[in-house]
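Participant: Pasting a structure here, questions to come.
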Ligand SMILES: CC(C)(COP(=O)(O)OP(=O)(O)OC[C@H]1O[C@@H](n2cnc3c(N)ncnc32)[C@H](O)[C@@H]1OP(=O)(O)O)[C@@H](O)C(=O)NCCC(=O)NCCS
């Protein structure tokens, strides 16, 4: 059960406050993905990235960063505030948004050691299709998962 009702926002650009929050979270939680933190800022400012946010006042409690490529969505990052994890927030949000898009499939990539994310994606209908060795900047491997939509 979610502790609070969080509004869903689907946006193509972030406010300065949203950007600052995401850069901070990315640098703290996903440091394996980047050679340096300037890269995060650059990536989330690039035009093709889209965002799904859930917020309490101005505080982001969920975000998903993704790219839409014709008939496919690639999830680049998904994050839930640690206090709200395992309450169904990520699953509910994807069910309300990405799973309703008119695309053939959704692709996600996670670090091989990230067993929680792998369990999460598998629980919500994704299938693991391949492992890429030495994919991230820290040398860790990447698991690709796919969910068919239409
Ligand atoms: C992965 C993550 C987004 C899941 O968000 P969440 O809101 O906690 O997930 P949900 O509550 O919607 O979980 C849905 C299902 O996923 C699985 N799951 C989620 N967290 C799990 C955990 N800690 N252990 C085992 N299974 C888990 C469960 O099957 C769960 O269903 P259930 O609770 O009915 O058993 C969240 O743990 C997170 O932000 N992790 C850190 C960031 C990250 O690693 N992101 C992924 C790589 S980009």
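Participant: Anything in segment 93-148 that is part of a helix (DSSP H, G or I) and within 14 Å of the chain's Cα centre (by Cα)? List them, or say none. Working first, answer last.
Facilitator: Applying the first criterion (part of a helix (DSSP H, G or I)) to segment 93-148 yields 93-96, 98-100, 115-123.
Within segment 93-148, 93, 94, 95, 98, 99, 116, 117, 118, 120, 121 meet the criteria.
Participant: Sticking with this one: Name the pairs: first residue in segment 80-99 and more than 6 Å from the ligand (Cβ to nearest atom), second residue part of a helix (DSSP H, G or I), Cβ to Cβ under 8 Å, at least 6 apart or on different chains?
Facilitator: none
Participant: Sticking with this one: Could you identify the single residue in 107, 67 that is more than 13 Å from the ligand (Cβ to nearest atom), touching a strand residue (DSSP E or B) at 6+ places or on another chain (Cβ under 8 Å) and within 26 Å of residue 37 (Cβ to Cβ)? Walk me through it before giving the result.
Facilitator: Numbers: 107 fails: more than 13 Å from the ligand (Cβ to nearest atom).
When all the criteria are applied, what remains is 67.
Participant: Let me spell it out: the conditions are (1) under 23 Å from residue 27 (Cα atoms); (2) more than 14 Å from the chain's Cα centre (by Cα); (3) buried (at least 16 other Cβ atoms within 10 Å of the Cβ), and residue 83 meets all of them except one. Which number is the exception?
Facilitator: Against the list (1) under 23 Å from residue 27 (Cα atoms); (2) more than 14 Å from the chain's Cα centre (by Cα); (3) buried (at least 16 other Cβ atoms within 10 Å of the Cβ), residue 83 comes up short only on (3).
Participant: Restricting attention to segment 16-33, which residues are over 17 Å from the mean Cα position of the chain (by Cα) and surrounded by 11 or more Cβ atoms within 10 Å (Cβ to Cβ)?
Facilitator: Going residue by residue through segment 16-33, those that are over 17 Å from the mean Cα position of the chain (by Cα) are 16-17.
Within segment 16-33, 17 is the sole residue that qualifies.
Participant: Being crowded, with 19+ Cβ neighbours inside 10 Å and more than 13 Å from the ligand (Cβ to nearest atom) narrows it down to one residue among 62, 51; which is it? Even if it seems obvious, please write down each step before you answer.
Facilitator: On the way: 62 fails: more than 13 Å from the ligand (Cβ to nearest atom).
None of the others qualify; the one that does is 51.
Participant: While we're on this one: Do the conditions hold for residue 41, that is, is it more than 12 Å from the ligand (Cβ to nearest atom) and surrounded by 12 or more Cβ atoms within 10 Å (Cβ to Cβ)?
Facilitator: Working: more than 12 Å from the ligand (Cβ to nearest atom): yes; surrounded by 12 or more Cβ atoms within 10 Å (Cβ to Cβ): yes.
It is true that residue 41 is more than 12 Å from the ligand (Cβ to nearest atom) and surrounded by 12 or more Cβ atoms within 10 Å (Cβ to Cβ).
No lab work stands behind these numbers, since they all come straight from the coordinates. Bear in mind the structure is a predicted one, so any value in this text is a computation, not a measurement. So basically every Cβ, Gly included, is an ideal-geometry build from the backbone, and we count neighbours across all protein chains shown.
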